[in-house]
Amino acid sequence: MDWGLRNRLSRMIKPSDGHSVMLACDHGYFMGPTRRLEVPRRTFEPLVPYADALAVTRGVLRTSVDPTWEVPILLRVSGGTSVLHEDLSDEGLTVEMKDALRLNVSAVAISIFVGTAHEKQSLLNLAKLVDDGEDRGMPVMAITAVGKELEKRDARYLGLACRLAAEIGAHMVKTYYCEGFSKVVEGCPVPLVVAGGPKLNTEVDAFQLAHSALAEGAIGVDMGRNIWQNDHPVAMIKAIRAIVHEHASVREASDLFEQTKAASITA
Ligand code: R5P
């Protein structure tokens, strides 16, 4: 791996422990003004101090992220369909590598849709992005997207999708946590982070997800809705950060969440 690419990766994946808390705020690229991400800056500004990377599109980056912030940027570069379409897999590349470089981002992210009508197209998009990324020293994250078919999230499917992404050359993969997740990790020779998915019933469910993913080999999370759709998003990201970087148990994370929440209410 070339120096520039390693340097960019190490901005997001902390060299001290090899872990990362990425804050996912790119949902608008196909979902529009998602609940509690209607005004992106209002959502992520209080959370950025606790994030190792911020995942956004270039439009939100240019309009809503202060260029003096130190947070590394994970730039979403695939898109082309909206939530109004039944089939979300018909994506192309939405940003050229030269613009990602101009924006000085730390990595680019693209969805792949394994097993869909547009499987080949999305995998070839990934291959092109990896070629461009290797050429310019830009890490590429592949996201094993499932569109509206959330039930696809099992170890067999995710193991296949993650492995394909790594074989094509992705430098890291974002996937979902699932039962048997350690098998997914075992078959994927590049670092894996997990998405949170739609908001879970309780905070403890989100802490359990992050804790289990780390315990089974993920290097961190790229989590959105379970943080910023919570009534106490700062308390959420601090608790998730404790799991990822401080080996906090689910109980310790819950205690930290409650303490931070109580302090913010009395402040
Ligand atoms: C989808 O829009 C993106 O890939 C999200 O970044 C990803 O799903 C992670 O966000 P969440 O934790 O809300 O699922």
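Structure above, values below:
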quantity	calculated
Mean-position separation - Cα centroids, segment 1-25 and segment 117-167, in angstrom	19
Amide hydrogen neighbours beyond the local backbone of SER111, cut-off 5 Å, H modeled	SER78, ILE143
Most positive-pole-ward Cα, ALA145, VAL77, VAL60, against dipole of segment 11-165 from beta carbon charges	VAL60
Two-decimal ratio, segment 3-229, of alpha-carbon radius of gyration to 2.2 N^0.38 Å	0.92
Ranked THR68, THR81, criterion: other C-beta atoms within 10 Å, fewest first	THR68, THR81
Segment 22-115: radius of gyration and largest Cα-Cα distance (Dmax), Å	13.3, 41
Crossing angle, helix 233-246 versus the chain [Cα axis fit, 0-90 degrees, rounded to tens]	80
Crossing angle, helix 203-215 versus the chain [Cα axis fit, 0-90 degrees, rounded to tens]	50
Cysteines in the chain that, by Cβ-Cβ distance, have no pairing candidate under 4.7 Å	CYS25, CYS178
Antiparallel DSSP beta bridges within segment 3-229, percent to nearest 5	10
Residues VAL204, VAL105 arranged by fewest to most Cβ contacts within 10 Å	VAL204, VAL105
Eligible aspartates and glutamates near LYS128 by straight Cα distance, threshold 20 Å, same-chain separation 8 or greater	ASP2, ASP90, GLU91, GLU96, ASP99, GLU119, GLU167
Pairwise FRET efficiency - GLU45 versus GLU258, Cβ, R0 = 25 Å, nearest 0.05	0.60
Extension gain (nm, one decimal) between ASN201 and GLU119, 0.36 nm per residue minus Cα-Cα	26.3 nm
Label-point separation in nm, LYS128 to GLU151, each point 7 Å along Cα→Cβ	3.4
Translational diffusion coefficient (Stokes-Einstein; Kirkwood radius from C-alpha pairs) of segment 138-267 at 10 °C, 1.306 mPa s, in µm²/s	105
Helix 119-136 axis, angle to the chain major axis (alpha carbon atoms, nearest 10°)	80
Inter-label distance for LYS98 and ARG136, nm, one decimal - labels placed 7 Å from Cα along Cα-to-Cβ	0.9
Sites ASP231 and GLU70 - FRET efficiency at Förster radius 45 Å, r taken between beta-carbons, to 0.05	0.95
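A short reminder: the numbers here are calculations on the coordinates, not readings from a lab. What you see is a predicted model, and the numbers here were worked out from it, not measured in a lab. Cβ coordinates were reconstructed from backbone atoms using ideal geometry, including for glycine residues, and neighbour counts include every protein chain displayed.
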